[in-house]
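To start, the structure itself, in structure tokens.
The values are calculated or read from the model by the stated rules, or taken from the named source; none is laboratory data. The structure displayed is predicted, hence computed values, not measured ones. Note that we place each Cβ from the backbone using ideal geometry, even for glycine, and neighbour counts take in every protein chain shown.
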């Protein structure tokens, strides 16, 4: 690093002169840096837009699928014995349901021993059969109860073994991994091992009565008996006093509130995008010096707004025979700023009037408003060649190019500054030399 003391001979502030000249030459670098900052702001804005587009796509899941579009509420006189969940394919109605038996896993329990680590058992095989598959577990001589547990768990048998303690003795318990009769385990010990069996309980299926019809299942989830309705069993229903079981009344009804909430979720996600586009397209009229938004004038936004608007303003052909042919006919209307607003009363009137035609308008694969919208969203959000990704890649290449320009300009500027320092140092040396010669000449003349 060069060390210089400017102006010693000339009296000029050469350091300030050099700094001023370097500052002038730095202007292109500052311009590059500002351009880079602008590009980075554009990337952030596009990331924000991409997230909003994904939110819209996610919101469409509940209003684009014919089954998911419909929503049902369920009510139970008592949910102690089973709980209920529904899908859009459920049917309205009331059902009398009782739980007569819960599905259980098979269970085998050995006789107790006072020490789970003691070598109480001799060599032999344990045979475990689950759903027709036989697994043989070999036991070494001098094995303990814990060794038996580990050997069973280390095998491929579809069972779980554990050791339990009742306060006095330890017991080996072996349970099937799955509930039901067919998934139950059949377990036998070679007599040479010396294991006694206290309990050998087979697996059992669940039994539910639906309007007097018995339904069995290998699990405690009944999801095929009633279309679109899943029952999760919790406990056996109480005795009705005459050898049967008390039933609970399950009522399934259409839930217009949830349908409206799902549609409103889609509208809110759409409006977020429109508001974002509006913000990016509007300058601050109160401050002429305020910078333009990062994506001002970006053709990607203009095209996106056109496509979204076109998708949502499509009309069904009048010859379709449907009761509703547009979002506006459902009470969903466009506002002056391009956003949508849902009129709750009009929308619920439409649902009550013809739910199937409302569903068709949203979900039909050919004419439904969401089908084209989802396809257009994919062209923007695709992570490989979507419009947003392509735009971001172009900006990132521009940033890389600006980084190269900045590095090259910085190197040239450093060289320029070093040359200035040398030149002014030479100038100071020359002035000093001339001053010395002048002093010497003056002394001679005197």
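For the stretch 382-393, which residues satisfy the criterion of being surrounded by 12 or more Cβ atoms within 10 Å (Cβ to Cβ) and out of contact with any helix residue (DSSP H, G or I) (no Cβ under 7 Å at 6 or more places or on another chain)? Answer for the stretch 382-393, where residues must be surrounded by 12 or more Cβ atoms within 10 Å (Cβ to Cβ) and out of contact with any helix residue (DSSP H, G or I) (no Cβ under 7 Å at 6 or more places or on another chain): 389, 390.
So for the stretch 250-258 (the condition being farther than 27 Å from residue 347 by Cα and within 39 Å of the chain's Cα centre (by Cα)), does at least one residue qualify? So far as the stretch 250-258 goes, yes, one or more of its residues are farther than 27 Å from residue 347 by Cα and within 39 Å of the chain's Cα centre (by Cα).
Any residue in the stretch 97-115 that is part of a loop (DSSP other than H, G, I, E, B), surrounded by fewer than 16 Cβ atoms within 10 Å (Cβ to Cβ) and touching a helix residue (DSSP H, G or I) at 6+ places or on another chain (Cβ under 6 Å)? Checked the stretch 97-115: no residue is part of a loop (DSSP other than H, G, I, E, B), surrounded by fewer than 16 Cβ atoms within 10 Å (Cβ to Cβ) and touching a helix residue (DSSP H, G or I) at 6+ places or on another chain (Cβ under 6 Å).
Okay, residues lined up against (1) buried (at least 18 other Cβ atoms within 10 Å of the Cβ); (2) at pLDDT below 90; (3) part of a helix (DSSP H, G or I):
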{"residue": "276", "(1), (2), (3)": "yes, no, yes"}
{"residue": "295", "(1), (2), (3)": "yes, yes, no"}
{"residue": "333", "(1), (2), (3)": "no, no, no"}
{"residue": "352", "(1), (2), (3)": "no, no, yes"}
{"residue": "360", "(1), (2), (3)": "yes, no, yes"}
{"residue": "365", "(1), (2), (3)": "no, yes, no"}
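Residues considered: 162, 122, 144, 138. Of these, the only one that is more than 19 Å from residue 203 (Cβ to Cβ) and touching a helix residue (DSSP H, G or I) at 6+ places or on another chain (Cβ under 7 Å) is 122. Reported count of residues in the stretch 211-256, each being without any contact (Cβ under 8 Å) to a residue 12 or more places away in the chain, within 19 Å of residue 88 (Cβ to Cβ) and exposed (fewer than 13 other Cβ atoms within 10 Å of the Cβ), is 1. Here residue 191 meets each of (1) under 30 Å from residue 139 (Cα atoms); (2) surrounded by fewer than 13 Cβ atoms within 10 Å (Cβ to Cβ); (3) under 36 Å from the mean Cα position of the chain (by Cα) with one exception, condition (3).
Can you tell which of 379, 370 is assigned to a helix (DSSP H, G or I), in the same structural domain as residue 34 (by TED's automatic domain parsing), in contact with a helix residue (DSSP H, G or I) (Cβ under 8 Å, 6 or more places away or on another chain) and surrounded by fewer than 15 Cβ atoms within 10 Å (Cβ to Cβ)? Talk me through it step by step, then tell me what you get.
Numbers: 370 fails: surrounded by fewer than 15 Cβ atoms within 10 Å (Cβ to Cβ).
From the options 379, 370, the qualifying one is 379.
Right, residue 162: assigned to a loop (DSSP other than H, G, I, E, B), farther than 22 Å from residue 232 by Cβ and at pLDDT 95 or above or not? Step through it out loud before you land on a result.
Values: assigned to a loop (DSSP other than H, G, I, E, B): no; farther than 22 Å from residue 232 by Cβ: yes; at pLDDT 95 or above: yes.
No, not satisfied.
Surrounded by fewer than 21 Cβ atoms within 10 Å (Cβ to Cβ) and under 26 Å from residue 268 (Cβ atoms): does that describe residue 123? If you could, list the steps in order and put the result at the bottom.
Values: surrounded by fewer than 21 Cβ atoms within 10 Å (Cβ to Cβ): yes; under 26 Å from residue 268 (Cβ atoms): no.
Spelling it out, it is not the case that residue 123 is surrounded by fewer than 21 Cβ atoms within 10 Å (Cβ to Cβ) and under 26 Å from residue 268 (Cβ atoms).
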